[in-house]
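Right, one structure below, let's go through it.
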Amino acid sequence: MHTKTDSEDTSLAPSSPDNSRPTAYYVQSPSRDSHDGEKTTTSFHSTPVISPMGSPPHSHSSVGRHSRDSSSSRFSGSLKPGSRKILPDAATGVGGRHHRKGQKPWKECDVIEEEGLLEDDRSSKSLPRRCYVLAFVVGFFILFSFFALILWGASRPQKPKITMRTIKFDHFGIQAGSDATGVATDMISMNATVKFLYRNTASFFGVHVTSSPLDLSFSELTIGSGAMKKFYQSRKSQRVVAVSVIGNKIPLYGGGASLSTPSGATPLPVPLKLNFKLRSRAYVLGKVVKPKFYKTIDCLLTLHPQKMNTAISLKNCTYT
């Protein structure tokens with residue numbers, strides 16, 4: 001060991017190469033502080049670690065650059081697929097702590113934007129409110145129609161029943177006369193009362209009952225007619241209906257020559273026919289379900305002079 005002089009140190013200094021200098025290493029650590037008040041971004045600071053020999057900070061080797069690249073690659077690998085890589089150098093500058101003027105240190109990750117796009121896709125795929133209203137209206141119409149069809153089918157078998165009872169003649173007479181044109185002919189006048197039983201068999205609705213005129217005819221000639229008053233019959237109930245049949249000076253035009261007598265009373269039995277049509281209508285569900293029932297009644301009877309003012313049973317009747 002010998003002591004070097006100052007001249008020897010001076011002569012040796014220029015000749016020593018740069019690669020003999022000790023290497024400076026940079027340790028990159030994530031900082032929890034965010035710049036400009038932004039919420040959650042990760043920044044990197046380069047902290048130089050200088051060897052005891054000391055070297056200028058600008059003479060760092062490729063090892064520090066490799067360390068930064070590996071750290072940035074690990075950071076970018078932790079992001080979700082579809083997000084953009086953000087390098088520390090883009091935010092802080094190479095080897096510096098300060099950000100560029102007017103430049104934000106970090107941009108928000110695209111992961112949040114992708115979540116917003118997914119929510120937009122879900123909202124666009126959901127049906128609009130008008131579709132729900134239309135579906136409700138169509139469903140209600142289908143259910144209502146189905147319910148109305150059930151009621152209509154249940155009401156059809158519950159038809160009313162009509163039973164003819166009696167007819168009583170208070171007056172029946174034939175006498176000579178003339179019609180409105182002055183033609184001489186036999187004229188007939190009569191007054192009778194017809195009774196029948198009407199029974200509503202329905203268990204859940206009432207009916208409104210009307211009738212065509214009750215016609216009493218002799219030899220295809222109508223000699224009397226009567227109108228029934230319309231009525232309402234509640235469910236599971238019945239009533240006896242009485243209708244007056246009246247004929248006043250009906251011309252026979254030779255049809256009743258054998259029946260005429262000077263006294264006006266007929267000595268022979270008179271064959272007669274009674275016919276009318278009953279109409280029954282029920283309002284089961286308002287005016288939507290209103291079943292109708294029709295019944296045509298034809299009765300044959302014979303009037304005997306001895307049975308005047310006596311009720312004649314109407315047994316020979318057909319119901320269609």
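The values are calculated or read from the model by the stated rules, or taken from the named source; none is laboratory data. Worth saying up front: this structure is predicted, and the values here are computed from it rather than measured. So basically every Cβ, Gly included, is an ideal-geometry build from the backbone, and we count neighbours across all protein chains shown. Calculation scope for accessible area: heavy atoms of the full protein, side chains included, ligands and nucleic acids excluded. Shrake-Rupley method; radii C 1.70, N 1.55, O 1.52, S 1.80 Å.
List of remarks:
- Fully extended contour minus Cα-Cα distance, from I142 to K195, at 0.36 nm per residue: 14.5 nm
- Counting only protein heavy atoms and a 1.4 Å probe, the range 137-238 has 55 square angstrom of accessible area per residue.
- Pairs exceeding 26 Å between alpha-carbon atoms, taken from K168/K290; K249/K295; K295/K315; K161/K307; K195/K287: K168/K290; K249/K295; K161/K307; K195/K287.
- Spin-label model distance (nm) - K315 vs A154, 7 Å beyond Cα toward Cβ: 4.1
- Amide H contacts under 5 Å for A202: K236, restricted to partners 5 or more places along the chain or on a different chain, H placed in the peptide plane at 1.01 Å from N.
- When peptides 179-192, 140-153 are sorted by average Cβ neighbour count within 10 Å, with the highest value leading, the order is 179-192, 140-153.
- Mean Cβ count within 10 Å, highest first, over the residues of peptides 272-280, 233-241: 272-280, 233-241
- Ranked order, F293, F204 - accessible area, probe 1.4 Å, largest first: F204, F293
- Length gained when the stretch D170-L285 is fully extended (0.36 nm per residue, less Cα-Cα span): 37.0 nm
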